[in-house]
Each structure stands twice: as C-alpha cells, then as structure tokens.
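Just so it is clear, none of the values below were taken in a lab; they were calculated from the coordinates. Bear in mind the structure is a predicted one, so any value in this text is a computation, not a measurement. Heads up, the Cβs are rebuilt from the backbone with ideal geometry, glycines too, and the neighbour counts pull from every protein chain shown.
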Amino acid sequence: MKAFPTRYYDLHPDEALNYALNRWLPYWNLEETRTLSSQISGYDDWVPVMLDAANKARPAGEGEATAFYFRAAEFFMSWSDDRRHKSYEAYLDNFYKANASIPHTRHQVPYDEGAMPATLLGAETPARGTLVIHGGFDSSMEEFFHMADALRRDGYDVILFDGPGQGGALAGHGLTMPHDWERPVAAVLDHFKIECCALIGISLGGYLALRAAAFEPRISGVIQCDVMEDFRECMLARLPNRMQKIVNRLCEWQARTLVNGLFSLAARREPFTRWALEHAYNVSGAPDAYALLSWMENFNTRTFSHLVTQPVLTMAGTEDHLVPFHQLNRQVEHLKRASSVTARVFSRQEQAHNHCQVGNLGCLIDELRAWLALHYAPVQRSNSAA
C-alpha cells in the first residue's frame, strides 16, 4: 500500500507552487523535489523543469514519478500549448503501467455527447459497500487512486471518476462542469448498477458531492473533503479586500466591461490568477471573467443543504490557503436535516492543515475509515462487468 508523507514541507517561497510540490510529493523523492524546486524561480520555469524531470525519470523506469512529472508539467501549461495533450497522455500511460499490479478496471461512462472516464477498484472480499470518489476544480481521478486502493483493502468497492470539467472528461471529450452534479453521479451509478453508495468529493468536489446528495437518493452518505460552501468567495478571496468589494458592486451593476478589465489587470500582475482564470474558462465554458463569476454563483451550498438528509462528514484545514475557514461553520449551520453532521478540523500539529490535507493524506484516510465504519452500512456489491 502507498506510503504518504506525514509533513507539509517548505519547498518553495511561492504559496501556490509550494502547495503543488507538496501535492505531488507522494510520488517523488524529497531531495530530488528540493533540487527541482531550486531551479524554479517563478511560473515560467515550472513547465520546462518538470518536463526535463519526466524525460530523465522515464528511461530510469521510475513509472509513477514520471507520470506525475508529466502531470505537474501539464497542470501549469497554457491550454493553447501544443504539448499539453501529449503530456496528459504520457501521464496516464505511465501511471497505469506503474500501477498494473493493483486490481482495477477502466471504464467510459456515457454522458451527454461524450463520456466520463471511471476506474473501479473492486474489494477482494465480499464488499462492505460501494464508495464513489471524484475531485473538483483541477484534479484528475488518478490522484486519488492510492486513497481508493487503501479503502479497497478495507473491503469497499471503490469507483473513481472524472466528471464534466475534470481530467479526461474535459481533456478527452470537452465536457464542461455543471453545478447540478447529481446528473453525472446518476450516470455513474446507472453504469455500474449501484443502488446505494457513499460519495466522497475532494476540493471543489466538497460542493459537488453535497449537491449530488441533495438530489440523488442512491447516495446514503456524503463526505466533503474539504468543505466548499461558496466557490465564488474562494475565488475572490485571493483579491485584496477593496478589490473584492469593487468586483461585487460592479457585478451588481452588470458592468461586464469593467469587471473583465479588472480581472485582466489582476492576471497580468499575478501569475497564479492568470493560470486560475484560464483554467476556469476551460472548466466552465465561460467566455470571460464576468460570465465566470455568474457561473460560480451557482456553486454554493446554501440553496440546497436543507435537502440533505444523509449523514455528512465535512472537513477543513486550519490553514487552508484556498478555502476560508469560516465556511466550515456556515456549512454545518446549513445542514438542518442531515441525519448526522460530523465536522473534522485538521491542524498544523497533524501536518494536515492545508487544502485537502495535503501533507498528511494518511491522516485523512484514517478519518475516512473511522467515519465510514460508524455511518455507512454494508450494501450490495457493484457490477464490475458493467
């Protein structure tokens, strides 16, 4: 079983790049990662450094390291970069070759005019139940494969999938992300003939999973890893307070040109904002910043949390650099009808204090195991031949 780091390291002075290095550190050597980091003075250095690392690791037979060097390179590439598709394909090819010994089957789930990639990791013993796991704004399902394998070893059938706007559903089929996530979840459950499952959503998936649970009766428990009560607030939180107020007022006035101008200025000044906007345009299908903010307004849990009746586990890191911590308390207050609500806060002492517990994923997996044992009853086995 995969061994995960138990520490969030200071690997780079830029907050977002430091997080990215910690995010993929489980697949790399720590000292090699420090060496790579020393070659990255800014965002322009990231892609060539990671591609060079991938091309050196591949002939050495370092399959999973190679995969995530390609993934890291692709992550910060412009969507107009001709190397993007090849890097993504190299990521998948090296990843699945490296993990061929772990029992799994790969599927394509029909959805709208395309398909969603899915991977089933079946329990070796009679299953304790079915878990469905998906990501959020910028993830691919392969990043959760070893989490799924740990849960498979505990006796669960685990289904990973890339929904619209994610991973292969976006890269391979051009599917953009809807706010009504119950639709892609229903397609996955139909494909695998699942009548009951627990749903785990990671990052923006915290919103997506809770949304699906509010409207899909086959979901019998839901886990937000982490809380995502208001996605638009998370996006604007990276702006200075004064600019946040200006943007909100301009949106109220429907001043599209001015909103777009402000975000263009922010993108020129801040590389991470530039990346986030370009990525968000592709995930959402929005043509500009004004339309993007309108799209994001749908991604809040206030309007449907009262419909959630299942047990809920919602989590937060005390120093999450992407999600304001106060969203945890707000989310708990919204869940008026849930059969139970467990709120778990991860601290710096646990080294799981940042977004999605990067730094100590083992601590997160232990929490999932404990909650599932208490709140998720055994159900029928999934049909892996679907």
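Annotations for the structure displayed:
- For region 15-98, the Cβ-based charge dipole about the Cα centre amounts to some 180 debye (Lys, Arg positive; Asp, Glu negative; other atoms uncharged).
- For the chain, averaging the sequence separation of C-alpha pairs within contact (under 8 Å, six or more residues apart) and dividing by the residue count gives a relative contact order of 17 percent.
- Take the convex hull of the alpha carbons in region 232-296; its mean projected area over all directions comes to 3.8 nm².
- Under a model in which nothing but the beta-carbon of Lys, Arg (+1) and Asp, Glu (-1) is charged, the chain shows a dipole of about 540 debye around its Cα centre.
- Net charge of neighbours whose Cβ lies under 13 Å from the Cβ of residue 119, counting Lys and Arg as +1 and Asp and Glu as -1: -3
- Eigen-decomposition of the gyration tensor built on the alpha-carbon atoms of the chain gives equivalent ellipsoid semi-axes of 29, 27, 20 angstrom, largest listed first.
- Helix-only mean residue ellipticity at 222 nm for the chain, each DSSP H run of n ≥ 4 adding -39500 (n - 2.57), per residue, nearest 500: -14000 deg cm²/dmol
- Cα gyration tensor category, rounded, prolate or oblate, for region 70-192 with a/c compared to 1.5: oblate
- Cα point-scatterer Debye curve for region 15-98, base-10 log of I(q)/I(0) at q = 0.21, 0.24 Å⁻¹: -0.95, -1.23
- For 8, 207, the sequence from fewest to most other C-beta atoms within 10 Å is 8, 207.
- Those aspartates and glutamates that a straight Cα-Cα span of less than 20 Å connects to residue 245, excepting residues fewer than 8 apart in one chain: 229, 230, 233, 270, 288, 297
- Residue exposure sequence - 101, 37 - by fewest surrounding Cβ within 10 Å: 101, 37
- The fewest-to-most ranking of 158, 47 by surrounding Cβ atoms within 10 Å reads 47, 158.
- Within-12-Å neighbourhood charge of residue 65 [Cβ basis; K, R +1; D, E -1]: 0
- Residue-count net charge about residue 142 - beta-carbon cut-off 14 Å; Lys, Arg +1, Asp, Glu -1: -3
- Within the listed set 11, 250, 335, the Gaussian network model of the chain (springs between alpha-carbon atoms below 10 Å) gives the highest mean-square fluctuation for 250.
- Restricting attention to the chain, close to 35% of DSSP beta bridges with both partner residues there are antiparallel.
- Ellipsoid equivalent to region 128-173 - semi-axes via the Cα gyration tensor, in Å: 22, 9, 7
- Three-way shape label, region 231-386, alpha-carbon gyration tensor, a/c 1.5: prolate
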